[in-house]
Every structure is written in structure tokens, then in C-alpha cells.
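K.L.:
Sharing a structure with you now.
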Amino acid sequence: MRILSEFVEGFDTLADLPPAVSVFGSARSKPDSPECEMAQRLGAALARAGYAVITGGGRA
């Protein structure tokens, strides 16, 4: 039952978000790499446009 309750809780949390975009990347990217900088600009632009930006949560 615990797994089911965690599943339901996760969906309840996501239901309150505005339209969202998930971003998948790599912990191997260097913070000053062109790819990382582009991803930061893209995430900021999406957030300004009203989207929730969902990421993996940080570097490994």
C-alpha cells in the first residue's frame, strides 16, 4: 500500500502544476559548457513563458 500511496501523492502534486516540461541532461556536463549554458537559457525562457520546468534535481 505504501507504493500506491506514494504514486497517488506524486500525481496529486503534479496535478497542481501549470503545463510542464521535463528536462533530461547529464551530470557529466561542465557548468560552463555551451550545452549547460544553453539549457539554463532554455529553462529560464520556458519558466518566463509560464511552464513548470522539471529537472533531475542537480549534479551527481
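K.L.:
State the dimensionless ratio Rg/Rh of the chain (Rg: radius of gyration of Cα atoms; Rh: Kirkwood radius).
P.N.:
1.09
K.L.:
While we're here: In degrees from 0 to 90, rounded to the nearest 10, what is the angle of the helix 34-48 Cα long axis to the longest principal axis of the chain?
P.N.:
50
K.L.:
Let me ask something else about it. Under the definition of Cα pairs under 8 Å and six or more residues apart, what whole-number percent is the relative contact order of the range 18-60?
P.N.:
Relative contact order, the range 18-60: 61 percent.
K.L.:
Report the chymotrypsin sites (Phe, Trp or Tyr not before Pro) located in the chain that are in a DSSP loop and have at most 13 other Cβ atoms inside 10 Å of their Cβ, or state none.
P.N.:
Of the chymotrypsin sites (Phe, Trp or Tyr not before Pro), the ones in loops of the chain whose Cβ has at most 13 other Cβ atoms within 10 Å are 24.
K.L.:
Next question, about the same structure. Counting only residues 5 or more places away or on other chains, whose amide H sits under 5 Å from the amide H of residue 52 once H atoms are built in the peptide plane?
P.N.:
Those qualifying (amide H under 5 Å, at least 5 residues apart or on another chain) are 20, 21.
K.L.:
Run lengths n ≥ 4 of DSSP H only: what is the helix-derived mean residue ellipticity at 222 nm for the chain, with -39500 (n - 2.57) per run over all residues, to the nearest 500?
P.N.:
Counting only the DSSP helices, I get -15500 deg cm²/dmol.
K.L.:
OK, next. Scan the chain and report its longest stretch carrying no trypsin sites (Lys or Arg not before Pro) that are both in a DSSP loop and have at most 15 other Cβ atoms within 10 Å.
P.N.:
After excluding every exposed loop site, the longest remaining stretch is 29-58.
K.L.:
Given labels modelled 7 Å from the Cα in the Cβ direction, how far is it in nm from residue 53 to residue 16?
P.N.:
2.2
K.L.:
What's the angle, to the nearest 10 degrees (0 to 90), between helix 2-15's Cα axis and the longest principal axis of the chain?
P.N.:
60
K.L.:
Let me ask something else about it. With point charges of +1 on the Cβ of Lys and Arg and -1 on the Cβ of Asp and Glu, referenced to the Cα centre of the chain, which listed residue (8, 34, 54) lies farthest in the positive direction of the dipole?
P.N.:
Selected residue: 34.
K.L.:
Quick check: pseudo-label points 7 Å beyond the Cα along Cα→Cβ at residue 23 and residue 46, how many nm apart are they?
P.N.:
It is 0.7 nm.
Bear in mind these aren't lab numbers, they're just calculated from the coordinates by the rules spelled out. As the structure is a prediction and not an experimental result, all values here were calculated from the model. Cβ: placed from backbone, ideal geometry, glycine included. Neighbour counts: every protein chain shown.
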